[in-house]
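The values are calculated or read from the model by the stated rules, or taken from the named source; none is laboratory data. Predicted, not measured: the structure shown is a model, and the values here were computed from it. Cβ: placed from backbone, ideal geometry, glycine included. Neighbour counts: every protein chain shown. All accessible areas refer to the heavy atoms of the entire protein, side chains included, with ligands and DNA or RNA removed. Shrake-Rupley method; radii C 1.70, N 1.55, O 1.52, S 1.80 Å.
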Amino acid sequence: MQKNRPVKTTRTSLELLEVIKELDGATVGELVDETGLARSTLHNHLQTLLEAGYLVKEFNTYHLGLKLFQLGEYARTRKREYELAEEAVERLAVRTDMEADFNIEEYGRLINLHDMIANSSESGLDIGNYFYMHNTAAGKAMLAAYPRDRQEEIIETRGLPRETEHTITDEEELLAELEFVQEQGYAVNDEECILGYKTFGKAIHYPDGRVFGGMAVGGPTYLMDTDREASIRSKLFVATDELEEEVAALFNDQ
């Protein structure tokens with residue numbers, strides 16, 4: 001039986017989209033410098049992406065097209081439980097007067113689906129951004145709920161890069177913390193991802209025990225004290241319990 005293999009040209013086109021995003025728009029010359037591809041090859045890929053609606057061209061600069069937004073928004077809302085998670089995030093942000101978010105894991109990275117800052121009309125962290133799991137509260141909570149082989153697979157694939165002086169970069173230390181997280185039922189990110197920011201996270205499960213996602217809540221460290229942290233954790237537990245109950249009811253109705 002022949003093994004399926006990735007199509008190189010398709011991968012190149014997808015990588016071009018990512019490069020154009022990182023450069024915040026790019027000319028052919030800039031893409032040649034960044035990718036090392038021949039101009040003729042680049043033109044073929046760019047024209048294909050233009051005709052498919054995934055790129056737009058403004059003067060001599062290529063930008064991502066809004067067709068990608070349409071696809072991304074579909075992915076973000078395709079499950080009813082994602083909508084329930086959005087409502088749960090809003091409730092948690094209001095109850096704690098902090099920033100709350102909901103995340104899922106894909107390919108060993110955390111992606112933010114919903115984020116809300118209390119008493120603000122603006123979102124917090126950019127929705128759709130990827131984060132490492134080992135230095136975020138929701139990520140560590142989800143990792144702790146995974147079996148050991150999955151934990152080790154993610155660590156091996158994604159590594160443990162340092163983002164602040166508080167980031168855990170030693171595998172044994174991280175695995176020991178994950179065991180502690182599993183025992184206490186929640187994870188803490190104390191300036192491990194962003195200096196001056198502390199959050200608490202908890203994994204959320206489907207009725208069959210699978211990890212659905214992770215919810216986190218927190219804010220600037222100068223706002224934290226023992227009483228407030230205890231209150232935040234308590235409200236986090238209530239919010240995740242409510243969400244799990246709603247998700248369970250959703251599946252019972254199907």
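Looking only at residues in segment 225-244 that are open to solvent by 60 Å² or more (accessible area, probe 1.4 Å), in a helix (DSSP H, G or I) and among the acidic types (Asp, Glu), the one that is nearest to Glu86 (Cα to Cα) is Asp241.
Every residue, every condition in (1) over 30 Å from Glu83 (Cα atoms); (2) among the polar types (S, T, N, Q); (3) at pLDDT below 95, yes or no:
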| site | (1), (2), (3) |
| --- | --- |
| His114 | no, no, yes |
| Ile117 | no, no, yes |
| Ser121 | no, yes, yes |
| Gly124 | no, no, yes |
| Asn129 | no, yes, yes |
| Ala137 | no, no, no |
| Leu143 | no, no, no |
| Arg150 | no, no, no |
| Leu174 | yes, no, no |
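Of the residues Val89, Val94, the single one that is open to solvent by less than 10 Å² (accessible area, probe 1.4 Å), among the hydrophobic types (A, V, I, L, M, F, W, C) and farther than 29 Å from Val19 by Cα is Val89. With respect to the conditions (1) open to solvent by 40 Å² or more (accessible area, probe 1.4 Å); (2) out of contact with any strand residue (DSSP E or B) (no Cβ under 8 Å at 6 or more places or on another chain); (3) hydrophobic (A, V, I, L, M, F, W, C); (4) over 24 Å from Lys198 (Cα atoms), Leu50 lacks only one, and its number is (2). Within the set Leu143, Leu160, Leu174, the sole residue that is among the hydrophobic types (A, V, I, L, M, F, W, C), part of a loop (DSSP other than H, G, I, E, B) and open to solvent by less than 40 Å² (accessible area, probe 1.4 Å) turns out to be Leu160. Of the residues making up segment 130-150, those that are closer than 17 Å to Leu195 by Cβ and not aromatic (Phe, Trp, Tyr) are His134, Asn135, Thr136, Ala137.
Annotation note: of Gly209, Gly213, the sole residue that is in a loop (DSSP other than H, G, I, E, B), of a type in the set (Gly, Ala, Ser) and closer than 26 Å to Ala88 by Cβ is Gly209. Residues of segment 177-198 that are open to solvent by 50 Å² or more (accessible area, probe 1.4 Å), outside any helix (DSSP H, G or I) and of a type in the set (D, E, K, R): Asp190 alone.
Consider Gly201 carefully, then state whether it is in a strand (DSSP E or B), out of contact with any Gly (no Cβ under 8 Å at 6 or more places or on another chain) and in contact (Cβ under 8 Å) with a residue 40 or more places away in the chain. In short, no. For segment 1-66, the helices (runs of 4 or more DSSP H) that sit wholly inside it and include 2 or more residues that are acidic (Asp, Glu) are 8-22, 28-35.
If you check Thr77 against the conditions, is it open to solvent by less than 100 Å² (accessible area, probe 1.4 Å), touching an Asp or Glu at 6+ places or on another chain (Cβ under 9 Å), modelled with pLDDT of 95 or more and among the polar types (S, T, N, Q)? Considered against the rule, which asks whether it is open to solvent by less than 100 Å² (accessible area, probe 1.4 Å), touching an Asp or Glu at 6+ places or on another chain (Cβ under 9 Å), modelled with pLDDT of 95 or more and among the polar types (S, T, N, Q), Thr77 comes out as no. Just one of the listed residues (Leu23, Leu31) is free of Cβ contacts under 8 Å to residues at least 60 places away in the same chain, open to solvent by 40 Å² or more (accessible area, probe 1.4 Å) and closer than 27 Å to Tyr130 by Cα, namely Leu23.
Selection of segment 35-47 for residues being surrounded by 14 or more Cβ atoms within 10 Å (Cβ to Cβ) and within 12 Å of Tyr62 (Cβ to Cβ) yields Leu42, His45, Leu46. Residues in segment 97-109 that are surrounded by fewer than 17 Cβ atoms within 10 Å (Cβ to Cβ) and within 21 Å of Tyr222 (Cβ to Cβ): Asp97 alone. Given the structure, is Leu16 farther than 23 Å from Asn129 by Cα, open to solvent by less than 90 Å² (accessible area, probe 1.4 Å), out of contact with any Lys or Arg (no Cβ under 6 Å at 6 or more places or on another chain) and of a type in the set (A, V, I, L, M)? No: the conditions fail for Leu16.
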